[in-house]
Structure formats: C-alpha cells, structure tokens
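The values are calculated or read from the model by the stated rules, or taken from the named source; none is laboratory data. Model, not experiment: these values are computed from the prediction. Here the Cβ positions follow ideal geometry from the backbone for every residue, glycine too, while neighbour counts run over all protein chains shown. Only protein heavy atoms, including side chains, enter the accessible area calculation; ligands, DNA and RNA are left aside. Shrake-Rupley method; radii C 1.70, N 1.55, O 1.52, S 1.80 Å.
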Amino acid sequence: MRRYSALPGGRPETLADRVHRYRGVLLVILAPLALVSLVLLLMPRSPAAGRRWGRVDSTVGPKKYAVIFDAGSSGSRVHVFCFDANLDLVHIGDDIELFVQKKPGLSAYANDPQDAAKSIVSLLEDAKRVVPAELRDQTPVRVGATAGLRALGTEKSEQILQAVRDLLREKSSFKNQPDWVTVLDGTQEGAYEWVTINYLLGKLGKTFADTVGVVDLGGGSVQMAYAIAENDAGKAPKPSEGEDSYVKKLFLKGTTYYLYVHSYLHYGLLAARAEILKAGNSKGYSYCTLEGHQGQYKYGGDTFEASASSSGASYSKCRANAVKALKVDEACTHMKCSFGGIWNGGGGAGQKNLFVASFFFDRAAEAGFVNPNAAVAKVKPSDFEKAAKRACKLNVRDAQAAYPDVRKGNIPYICMDLVYQYTLLVDGFGVGSNQEMTLVKKVPYSNAFVEAAWPLGSAIEVASS
Ligand SMILES: O=c1[nH]cnc2c1ncn2[C@@H]1O[C@H](COP(=O)(O)OP(=O)(O)O)[C@@H](O)[C@H]1O
Ligand SMILES: [Ca+2]
C-alpha cells in the first residue's frame, strides 16, 4: 500500500503538492545549474576547445575525408585520407591512409571507355568501406589522370573520363562533380607531389629555403618541382606557346611559396624507352637492350625495334643515345636550361635537398642497391651509374638470375632504364654525380607511412577549401 503524508484538509500530499511547497528551495538549486548548461551550449566549438600543448586533439571537431583516384599511366590507385580540424592526417582504422592499386591504367582501355570505368569499380568499393556511411555524401571523390590519358589525346581521354563521371554519379555515394574528374596538367601534378612530400616532412609553413625539391619519375612523364625566392620568381621566363607557366604561387599553412615546376611529357621511364630507341637505332638494333634480346617495344600505340646488337648492350653507347633522346643540346633561350630548351628554374636553396620518387626507387630496389622494403633511402646518381655499368654487361639469361625481383618483360631494359635514370639526373637536371639525394616510396608520418604520391596534395587542397 502506498503511503502519503496528509495535508491540512486530510487529503494525502501528492508529488505536485510537494514540488509546490518546496518551489523556493528548488529554484535556488536549479537556476544556477540551468545557467551553466546554457553557457556551455552556446560556447563556440572552436578548434582551440581541444587544444593540448598547441595541437588540436584529433578526437575533437569535425573530421573530413577525401577520396582521390590516381589514374596513372601504368595503373589506377585509390587513396582515402582523413583530416582533423587542424588539417593533420588522422588514422583510418589501423592505417593512416587507405591505398589500393590495380593494373593496368585507364589508358589501356583506349577503345572501350565502359571497360575503363569498370576497371576502377573495385577501388571505389574499397574506398566506400572505410568512409563512415553518414559522411559519404559530404566526402568528395576526385579523379586525376596523368600521362597515360594525356598522351591518348583529347577525344579518347574525354570519352574515358565521361564514363568514369557516369560511374561515380550512378554507383558512388560520395560527393561528385563533373569537373572533379579530369586530366591533370603536368605542372598541377608536380605541384601536388611537392605539397605531399613537404607536408609529410613538416616543412609547410617554413621558409622556402627549408623546403625540399621533388622529382617524380612516372611511366609517361617526369616532374621537377622546388620552391624559389620571390624575386627569382619575378624573373622567370615566359613559357613558350602551349607550355604551362614555370612558376605557381601557392599559399600553405600561412606561407606563400613560389614553386618552380615543370612536367616533361614523353620522359617518364616507359615513354623514354621509346625516345631512346628512336634516338639510337638507325641500324635496326639498340645498344641499350641486353644481349640475346630479340623483339619490339610497344608504347602508346607505337612499335619500336628493340632487338639487341650482336655484341650486346654498351654502357657508353647507350648513354650517348640517352643524352641524344633528352635533347640536352637543344637551343636554350633562357638563362639556363635543363633539357629540351626548358628553363631549369635557376636552382637555389629549395632544390638543394632533393626527394626523388616513383620509378627511381623501384629500379634502385630491383638493381639491388636499395632495400625494397625501406620507405626512403639515401643514394647518389653515381649509384645508378655503377648499377648501369654492371647491368649493361649481362645477357638476358644472366640478368634474370642476377635480378630476381625484375619482372620478365623489364629484364631486356634494365641497362637502358638505369642509364636513363643516371642521364636524366646528371645531364638533364644537372644534379652532381656525387650529390646525395633521398629516394622515397613512402614518408614516415605519425607512427605510420604515407605513399609519396601526388594524391595527398590534391586531398589537402580539397580539405582546406
Ligand atoms: O602511390 C604511389 N605509391 C608509390 N609509388 C607510386 C605511386 N603512384 C605511382 N607510383 C610509382 O610511379 C610509377 C608509375 O607511374 P605512373 O603509372 O603513375 O605513371 P605517370 O605518373 O607517368 O602517369 C610506378 O611504377 C610506381 O613506382
Ligand atoms: Ca604518377
């Protein structure tokens, strides 16, 4: 039986009666509490709310995801990044980025745009899995195609890009926009790569002289990018007709940078093979392919005779072919040129410390002078020269035994590739043969490793806009 205390009229006292009787006491207790809650609710949720020792606690504030597809000439890759409010990368599960790759690249489906688009469906699924469902429609997906589609020409590449746009619109839950699926121009690609490396090394926000220069040797093109002084940027030559301008102005972490950047189409490692074969093989054979090799080299829809001379490869003759292919002696109308009549940017502090990515790392690892499992390695151009001299002496069979990590199709070209890499650095970019530089595959960041590739630079642009 419920017991009630009695009121003067004999009626038992209810809860409402008690509240009424003690309303004064309750008001004194509850009013300050309500006031404190109101103030807490209205306080702005600035990033500083979670600040500890000058950094933002990444568990506080909104997280932004970005999905970037790198449609490279030799493969397609997807990267997913997650940034905190401070634009620092935060972990996605156990890793700091999602990175998945697939071969071949979109340009291998030149005549079938639908198949090209289908080739990236599994990568899209991989990306979807790591982005929380409630954030997908706010998460931008961008696709940047590089040298492979550049070399296909506008009509074919546009058909492929359109099929990719349709796929993203119909099959992805990410935020997509037609102009986010494009062929990147080479200077944009080089600039993004520079941002990636300098961001991961913690250089952004420092003076231009504290940043590092970046070389990215892809399959189709090679990029050089480094920051220069403002007054040197003012003196940059005007690019020739149809060329991108030599200097890009970037504003990052409160600092303005003048970035010298140039992309050399046809001078990526795989494209350069074609240039070297064209430059050297007037007699129907090449001094760059290994003894015993008979066959042709196919690149970008063209076929080149690539059979070896009966005496096999010759380091010095191959080197002469590579110098010729680079057009080192082409007329230079600027103060100083790299090769092919292109301004070299003038050098300076931003180029002293060079980070060299992509195929440089791969071939160095395959040739055995860099640990294939390392993220970075210090080398000199002369290491490529030494490795080339050794490789050029071998025949195809012995090379297969000497370089077990080199894919069969690349074996005949191992001398040519190493000669080209040495020649590109020393004769092309004017790097001293004994100058130390850093080969980079991944960059250590926050107890993890991030791919040393342009997509992070693009994601930073997306996340900070
Ligand atoms: O995300 C990446 N991580 C590591 N290496 C990469 C990445 N993307 C490209 N590469 C390197 O670049 C080489 C091929 O370049 P790619 O296919 O991107 O040609 P492109 O840049 O001329 O279009 C690959 O063999 C690989 O070494
Ligand atoms: Ca690339």
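Condition check ((1) charged (D, E, K, R); (2) assigned to a strand (DSSP E or B); (3) under 22 Å from residue 195 (Cα atoms)) across all residues:
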| position | (1), (2), (3) |
| --- | --- |
| 219 | no, no, yes |
| 224 | no, yes, yes |
| 231 | no, no, yes |
| 239 | no, no, no |
| 244 | yes, no, yes |
| 256 | no, yes, yes |
| 261 | no, yes, yes |
| 273 | yes, no, no |
| 279 | no, no, no |
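For (1) closer than 30 Å to residue 67 by Cα; (2) within 16 Å of ligand 2 (Cβ to nearest atom), each residue gets a yes or a no:
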| residue | (1), (2) |
| --- | --- |
| 404 | no, no |
| 408 | no, no |
| 418 | no, no |
| 425 | no, no |
| 429 | no, no |
| 433 | no, no |
| 445 | yes, no |
| 455 | yes, yes |
| 461 | yes, no |
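Can you name the residue in the stretch 65-75 that is more than 11 Å from ligand 2 (Cβ to nearest atom) and closer than 12 Å to residue 143 by Cα and, of all such residues, is surrounded by the most Cβ atoms within 10 Å (Cβ to Cβ)? So the residue we want is 67.
Do the conditions hold for residue 103, that is, is it at pLDDT 95 or above, open to solvent by 40 Å² or more (accessible area, probe 1.4 Å) and under 25 Å from residue 205 (Cβ atoms)? Spelling it out, it is not the case that residue 103 is at pLDDT 95 or above, open to solvent by 40 Å² or more (accessible area, probe 1.4 Å) and under 25 Å from residue 205 (Cβ atoms). Among residues of the stretch 172-190 that are open to solvent by less than 20 Å² (accessible area, probe 1.4 Å), those with a Cβ under 8 angstrom from a residue that is acidic (Asp, Glu) and part of a strand (DSSP E or B), sequence gap 6+ or separate chain, pair up as 189/216; 190/216. Pairs linking a residue in the stretch 88-117 that is over 15 Å from residue 148 (Cα atoms) to a residue that is within 16 Å of ligand 2 (Cβ to nearest atom) and in a helix (DSSP H, G or I), with Cβ atoms under 7 Å and 6 or more positions apart or on different chains, are 100/123.
No other residue among 378, 393 is surrounded by fewer than 19 Cβ atoms within 10 Å (Cβ to Cβ), within 25 Å of residue 441 (Cβ to Cβ) and touching a residue at least 40 places away in the same chain (Cβ under 8 Å) apart from 378.
Scanning the stretch 119-128 for residues that are of a type outside the set (A, V, I, L, M, F, W, C) and in contact (Cβ under 8 Å) with a residue 12 or more places away in the chain, we see that the one that is nearest to residue 181 (Cα to Cα) is 119. May I ask you to list pairs of residues, at least six apart or on different chains, whose Cβ atoms are under 6 Å apart, with the first in the stretch 214-239 being in contact (Cβ under 8 Å) with a residue 60 or more places away in the chain and the second being part of a strand (DSSP E or B) and away from ligand 1 (no atom under 16 Å from the Cβ)? Qualifying pairs under 6 Å: 226/213; 226/260; 227/257; 227/259; 228/258; 228/260; 236/247; 237/343. Against the list (1) farther than 30 Å from residue 200 by Cα; (2) away from ligand 2 (no atom under 16 Å from the Cβ); (3) open to solvent by 10 Å² or more (accessible area, probe 1.4 Å), the condition residue 274 fails is (3). Among the residues of the stretch 299-336, those identified as modelled with pLDDT of 95 or more and part of a strand (DSSP E or B) are 303, 304, 305, 308. Residues in the stretch 153-188 that are farther than 22 Å from residue 138 by Cα and out of contact with any strand residue (DSSP E or B) (no Cβ under 9 Å at 6 or more places or on another chain): 153, 155, 156, 159, 163. Taking the numbered list (1) more than 15 Å from the chain's Cα centre (by Cα); (2) open to solvent by 10 Å² or more (accessible area, probe 1.4 Å); (3) closer than 23 Å to residue 273 by Cβ; (4) within 16 Å of ligand 1 (Cβ to nearest atom) in turn, residue 453 passes all entries but (1). Criterion first (assigned to a helix (DSSP H, G or I), surrounded by 22 or more Cβ atoms within 10 Å (Cβ to Cβ), within 16 Å of ligand 2 (Cβ to nearest atom) and at pLDDT 95 or above) does residue 215 satisfy it? In short, no.
Find the residue count for the stretch 76-91, including only residues that are within 16 Å of ligand 2 (Cβ to nearest atom), buried (at least 22 other Cβ atoms within 10 Å of the Cβ) and of a type outside the set (S, T, N, Q).
2
Kindly evaluate residue 346 against the criterion of being in contact (Cβ under 8 Å) with a residue 24 or more places away in the chain, within 31 Å of the chain's Cα centre (by Cα) and open to solvent by 10 Å² or more (accessible area, probe 1.4 Å). Yes; evaluated as a whole, the condition is true for this residue.
Taking into account only those residues within the stretch 241-256 that are within 19 Å of the chain's Cα centre (by Cα) and open to solvent by less than 60 Å² (accessible area, probe 1.4 Å), which is nearest to ligand 2 (Cβ to nearest atom)? It comes out as 248.
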